[in-house]
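Some notes on the structure that comes next.
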Amino acid sequence: MAKHQIWFAFAVLALILSSAVADDVVVLTESNFEKEVGQDRGALVEFYAPWCGHCKKLAPEYEKLGSSFKKAKSVLIGKVDCDEHKSICSKYGVSGYPTIQWFPKGSLEPKKYEGQRSAEALAEFVNSEGGTNVKIASTPSSVVVLSPDNFNEIVLDASKDVLVEFYAPWCGHCKNLAPIYEKVATAFKLEEKVVIANLDADKYKDLAEKYGISGFPTLKFFPKGNKDGEDYEGGRDVDDFVNFINEKAGTNRDAKGHLTVNAGIVASLESLVKEFVAAGNEEKKDIFAKMEEEVGKLSGSAASYGKIYLKSAKKCMEKGGDYAKSEMERIERMLEKSISPAKADEFGLKKNILSRFVQSS
């Protein structure tokens, strides 16, 4: 077998294996259901539909459950997309979403879960049925907790864009929003100039009244240029919040906190880079000098990105036209490894900027 065929076979295998697990919850399909469920371990299975609102609300709690039980060898936490695998859901009498069922070890006769849909309640049920003693893993929150002591210092900081949720602990809509809001905060945790925060408006009524809060949750955005606050009236899915922050703060993050392909790109350098890539070796030197002049005009984060442009251009002149492509491939291999989020940002920026120097074939 040729090397490229072996590589392709391994790539396909890796894709198949990676598709079987998502966020520590085993993805069950018509082809693997009875290989995973009813075998030598108990299984909790969520039958869901991608469009189901209650399923979306359950998702972060179920992922937390899967993460907490991933080392428990006697229990499987799985899920079935009933839109895609209708025959499985029909077989087990699923008529509404989400439906959660427990399959004892060695059995395909399920017991329906009727309890609360929190990670803690689900874990208590699984521990009882599966004989485990797993506790839900607690993760530090990325949401900044506000109070009268720190509100002005954080929210009114003219160098930062701040999104504030005014909530009440007893508010059902606030509880539903909490896991979504946490994901938004996590997505922007590496952005020093962006703050995702909340305030207990029931506890700090005077502060809430100052900003005209009369219902919960109320979200206000305090951009660098307007510390009076602007009402947030967008959608309340993670993507809605992320798109809003990206537009308002000039950031480039996706819902998982990864940099998008636009991160690090400096518009004023784009035409020079195109000239540079198309030019001959001698002409490249003159264009490089123009790039240096343009980078000297930049400030803030754009200035730091400009330095990456210059370094990339210099390496292209030293190592030839294929440098950008080969370096991007090296960075992609690094990004596939287990690295810190900060390091992933660093590599992501370099990859985005290098992409501008790849010669078209």
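The values are calculated or read from the model by the stated rules, or taken from the named source; none is laboratory data. As the structure is a prediction and not an experimental result, all values here were calculated from the model. Here the Cβ positions follow ideal geometry from the backbone for every residue, glycine too, while neighbour counts run over all protein chains shown. Accessible surface areas use protein heavy atoms only, side chains included; no ligands, DNA or RNA. Shrake-Rupley method; radii C 1.70, N 1.55, O 1.52, S 1.80 Å.
Evaluate the following for Gly42: is it open to solvent by less than 40 Å² (accessible area, probe 1.4 Å), in contact with a Gly (Cβ under 6 Å, 6 or more places away or on another chain) and not assigned by the TED database to the domain that holds Lys205? It is true that Gly42 is open to solvent by less than 40 Å² (accessible area, probe 1.4 Å), in contact with a Gly (Cβ under 6 Å, 6 or more places away or on another chain) and not assigned by the TED database to the domain that holds Lys205. Scanning region 88-99 finds no residues that are outside any loop (DSSP other than H, G, I, E, B), touching a Gly at 6+ places or on another chain (Cβ under 7 Å) and modelled with pLDDT of 95 or more.
Screening the candidates Lys70, Lys64, Lys56 for the property of being surrounded by 15 or more Cβ atoms within 10 Å (Cβ to Cβ), in contact (Cβ under 8 Å) with a residue 40 or more places away in the chain and in contact with a helix residue (DSSP H, G or I) (Cβ under 7 Å, 6 or more places away or on another chain) yields one hit, Lys64. Residues that are under 25 Å from the mean Cα position of the chain (by Cα) and open to solvent by 50 Å² or more (accessible area, probe 1.4 Å) within region 183-213 comprise Lys183, Thr186, Lys189, Leu190, Glu192, Lys193, listed in sequence order. If you go through region 101-116 and keep only what is of a type in the set (Gly, Ala, Ser) and surrounded by 12 or more Cβ atoms within 10 Å (Cβ to Cβ), you end up with just Ser107. Only residues that are touching a helix residue (DSSP H, G or I) at 6+ places or on another chain (Cβ under 6 Å) and of a type in the set (Phe, Trp, Tyr): list them for region 152-182, please. Selection gives Phe166, Tyr167. Close contacts from region 218-229, counting a first residue that is touching a residue at least 24 places away in the same chain (Cβ under 8 Å) and a second that is among the hydroxyl-bearing types (Ser, Thr, Tyr) and surrounded by fewer than 14 Cβ atoms within 10 Å (Cβ to Cβ), with Cβ to Cβ under 8 Å and a gap of 6+ residues or different chains, come to Lys224/Ser159.
Here is a yes/no grid of residues against (1) on the phi > 0 side of the Ramachandran plot; (2) of a type in the set (A, V, I, L, M, F, W, C); (3) in contact with a helix residue (DSSP H, G or I) (Cβ under 6 Å, 6 or more places away or on another chain):
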position	(1), (2), (3)
Gly257	yes, no, yes
Leu269	no, yes, yes
Val273	no, yes, no
Phe276	no, yes, yes
Lys284	no, no, yes
Ile287	no, yes, yes
Lys307	no, no, no
Cys316	no, yes, yes
Arg330	no, no, no
